[in-house]
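The values are calculated or read from the model by the stated rules, or taken from the named source; none is laboratory data. None of the values given here were measured: they were computed from a predicted structure. Note that we place each Cβ from the backbone using ideal geometry, even for glycine, and neighbour counts take in every protein chain shown. Just so you know, the surface numbers come from the protein's heavy atoms only, side chains and all, with ligands and any DNA or RNA stripped out. Shrake-Rupley method; radii C 1.70, N 1.55, O 1.52, S 1.80 Å.
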Amino acid sequence: MPATTIHFVRHGKVYNPGHLLYERLPGFHLSDRGRRMAEATARYLASNPQTNTISAVYSSPLERTRETAGAIIDALNDVRAQRGQSPLTLETDPRVIEAGNEFRGKRIGHGEGALWRNGNWKLVLNLYKPSWGESYRSIAARMSEFAREKVAQ
């Protein structure tokens with residue numbers, strides 16, 4: 001039985017002039033640099049014989065992840081067309097989305113950042129057990145469930 005390999009790719013840099021923690025918020029797209037990052041990743045995957053046989057591409061429903069996955073699909077479909085294979089289409093799955101976070105939509109950082117304002121620092125007292133959002137165990141469980149399901153398919 002052949003092995004199944006799953007590659008997890010993070011989206012490219014996001015256009016975010018307000019420096020907000022965008023987390024799961026809609027409306028955040030790739031920046032020009034982010035598109036170049038996605039295209040570079042796509043070229044790498046499509047040019048490498050160990051990865052240009054990818055048979056499915058999934059992303060979260062967020063715009064930036066669909067844009068990154070779209071660049072990868074375009075590059076892989078060029079290789080697939082040369083082989084006479086049918087094109088890949090993007091499938092979305094909410095399990096591969098960003099972690100939930102209580103700082104969503106806020107500016108994080110030094111100075112005026114939300115981390116130090118209004119007692120928000122209490123949310124980050126224990127970095128090993130996030131009190132500011134989705135737990136590491138929850139993230140691991142949903143990502144593991146996704147991966148196991150895709151391997152079984």
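Structural remarks
- Scanning region 48-64 for residues that are without any contact (Cβ under 8 Å) to a residue 24 or more places away in the chain and open to solvent by 60 Å² or more (accessible area, probe 1.4 Å) turns up 49, 50, 53.
- So residue 153, is it on the phi < 0 side of the Ramachandran plot and at pLDDT below 95: yes
- A Cβ distance below 6 Å, combined with a sequence gap of six or more or placement on separate chains, defines the contacts here; from region 67-86, residues that are closer than 30 Å to residue 28 by Cα reach residues that are among the hydrophobic types (A, V, I, L, M, F, W, C) and loosely packed, with under 15 Cβ neighbours inside 10 Å in the pairs 69/90; 73/90.
- Restricting region 76-113 to residues that are of a type in the set (Lys, Arg) and either at pLDDT 95 or above or under 14 Å from residue 55 (Cα atoms) (or both), the residue that is surrounded by the most Cβ atoms within 10 Å (Cβ to Cβ): 80
Residue-wise test of (1) closer than 21 Å to residue 133 by Cβ; (2) out of contact with any Ser or Thr (no Cβ under 9 Å at 6 or more places or on another chain).
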site	(1), (2)
2	no, yes
5	no, no
14	yes, no
21	yes, yes
97	yes, no
102	yes, no
106	yes, yes
